[in-house]
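The numbers here are math on the coordinates, done by the rules we state, and not lab data. Predicted, not measured: the structure shown is a model, and the values here were computed from it. Glycine also receives a Cβ, built like all others from the backbone with ideal geometry; neighbour counts cover every protein chain displayed.
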Amino acid sequence: MTGATVNAGGRLLVRATRVGSDTRLARMARLVEDAQNGKARIQRLADRISGVFVPVVIALAVGTLGYWLGTGGGAGAAFTAAVAVLIIACPCALGLATPTALMVGTGRGAQLGILIKGPEVLESTRRVDTVVLDKTGTVTEGAMTLVGVHLADGEDETEVLRLAGALEHASEHPIARAVARGAAERVGELPAVEDFAGLEGLGVQGVVDGHAVLVGRPALLAEWSQHLPADLEEALTAAQAAGRTAVAVGWDGRARAVLTVADTVKPTSAEAIRRLRALGLRPVLLTGDNESVARSVAAEVGIDEVIAGVLPADKVDVVKRLQSEGRSVAMVGDGVNDAAALAQADLGLAMGTGTDAAIEASDLTLVRGDLRVAADAIRLSRRTLATIRGNLFWAFAYNVAALPLAALGLLNPMIAGAAMAFSSVFVVGNSLRLRGFR
């Protein structure tokens, strides 16, 4: 059930897993609110400058008053010039420069499904030059399908699917879900599993109907002396060459089959890669799949650099290595095993369709599962930062340029007040241009 669902008839029993402040909508609202209330590094610099600028202006106003009185200009002219200095230098526009741009930028981002966690994220988007993309669920749909069953001599397909499907049904991995779903569709109800264990980066093991079953990489079966016969090795190689993922199945001391699953590339991924390149970013495909599968997907979307065969725990090491090479790294992912890498990256972008752990560890959350939004997020963040910089520049330049005129008595306090107000209007208007971001 989703929001605004109407029960037209009958009885509806609903269990709320999260309510109030724990709901995803409430968390998204908090992210936007925190971003709007924070301060970017450039704003903190402006605050420090203002801490010096204000005393200097007060001293200048006092000096102007003394100068005009000392030169016989008269008390009226002296006070007029001093007041004009104070009015024209009033740093209202400085105070509005950052919050208005942040308010409009983050609000527009929320409309587009982009949640910016804080203003410091804006600085990171300007520096990044490399974007690491997790393959499954980010570049691809992440919803794999069982497309082939290759049996060793004398094996029964129904029995292989029944035992392998039962074991994989206990796992949350996308490949495991594909095998379990395909097995259930072909053989019906799956038996129960005992002593289930997930082996990170290798596969799963457990007891099904009294059989010690292994499903995963050939290396997992090899650890139990269940080596693939020549025909299954050939099927495994052929599947990998075709860009598919193959998992081996074995039990009771023998390798029994190779199952192949395929994951389709999202139709928008190729365009997203082009947009990221246009932003000056170098895309890198990161995956735990074998080199052949990774290269096939990379070629389809236009990525040249591929890092394959990476265990979940090693993803953060890949990000560290790229950073040690002098790159500023953005990471896009959606799974629990991406959380550490997202936190380590200079800029972490999590797909909102992914896990809570990934979302919490990221700097930007992309509500939709469309990779093009990642390019939009970086572009919007850079545009917002550029708007803040423009606001601060014109606010300072305006004040500094008008101060000599006020000190020389060439600026009436009434005109100075109107000009000061106009500078604030200019800053707000410049920030509102972000509403037109597409």
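Here each label is just a point 7 Å from Cα along the line to Cβ, and for Q111 and T158 those points are 6.0 nm apart. The residue list S424, V258, G280 was ranked by how far each Cα lies along the charge dipole of the chain toward its positive end, using unit charges on Cβ atoms, and S424 comes out on top.
The coefficient of translational diffusion for the range 53-142, derived via Stokes-Einstein from the alpha carbon Kirkwood radius under 25 °C and 0.890 mPa s, stands at 137 µm²/s. Calculated FRET efficiency, E271 to E305, Cβ-Cβ distance, R0 = 30 Å: about 0.95 to the nearest 0.05. Around the Cα centre of the range 260-314, unit charges on the Cβ atoms of Lys, Arg, Asp and Glu (plus for the first two, minus for the last two) sum to a dipole of about 320 debye.
For K266, a cut-off of 14 angstrom between C-alpha atoms picks up these aspartates and glutamates, skipping any fewer than 8 places away in its own chain: D134, E141, E300, D370. Binning the alpha carbon pair distances of the chain at 10 angstrom intervals from zero yields the distribution 4, 17, 20, 18, 14, 10, 6, 4, 3, 2, 0, 0, expressed in whole percent.
Remark: the A242-L69 segment gains 53.4 nm on full extension, using 0.36 nm per residue and subtracting the alpha carbon distance.
Subtracting the Cα-Cα distance of V54 and A230 from 0.36 nm times their residue separation leaves 55.3 nm of extension gain. Across the range 233-243, rounded Karplus estimates of 3J(HN,Hα) from the backbone phi angles (6.51 cos²θ - 1.76 cosθ + 1.60, θ = phi - 60°) give 4, 5, 5, 5, 5, 5, 5, 5, 5, 7, x Hz, Gly and Pro being marked x.
DSSP beta bridges fully contained in the chain are about 65 percent antiparallel.
Each of V204, V249, V56 was scored by other Cβ atoms within 10 Å of its Cβ. Arranged with the fewest first, they read V56, V204, V249. Tell me, what ³J(HN,Hα) does each residue in the range 322-327 have, in order and in whole Hz, if you take phi through Karplus 6.51 cos²θ - 1.76 cosθ + 1.60 with θ = phi - 60° and put x for Gly and Pro? Residue by residue, the range 322-327 yields 5, 5, 5, 7, x, 8 Hz. Placing +1 on each Lys and Arg Cβ and -1 on each Asp and Glu Cβ, with no other charges, gives the chain a dipole about its Cα centre of roughly 3040 debye.
Across the range 92-99, coupling constants 3J(HN,Hα) worked out from phi with the 6.51/-1.76/1.60 Karplus curve, θ = phi - 60°, read 4, 5, 5, x, 8, 4, 7, x Hz, and Gly and Pro carry x. Charged side chains reduced to their Cβ positions (Lys and Arg at +1, Asp and Glu at -1) give the range 145-262 a dipole of some 360 debye around its Cα centre. Note on the chain: dipole from Cβ charges, positive end direction compared against L392, G326, L13; the farthest Cα belongs to L392. Taking the Cα centroid of the range 132-204 and of the range 375-438, what is the distance between the two, rounded to the nearest whole Å? For the range 132-204 versus the range 375-438, the Cα centre distance is 59 Å. Across the range 407-432, the residues whose backbone nitrogen lies under 12 Å from the label position 7 Å along the beta-carbon direction of A77 are 408-410.
Just to be sure I understand the curve: with the Debye formula and one point per C-alpha of the range 224-293, what is log10 I(q)/I(0) at q = 0.25, 0.27 Å⁻¹? Treating every Cα as an identical point scatterer, log10 I(q)/I(0) equals -1.11, -1.18. Extension gain, D195-W394: 0.36 nm per intervening residue step, less the Cα-Cα distance, totals 64.9 nm. By the helix-only formula, in which each DSSP H run with n ≥ 4 contributes -39500 (n - 2.57) and the sum is divided by residues, the chain has a 222 nm mean residue ellipticity of -17000 deg cm²/dmol. Taking N as the residue count of the range 184-280, its C-alpha radius of gyration divided by 2.2 N^0.38 Å amounts to 1.41. Points 7 angstrom from Cα along the Cβ direction at D209 and L13: gap in nanometres? My value for the distance between the label points is 3.2 nm.
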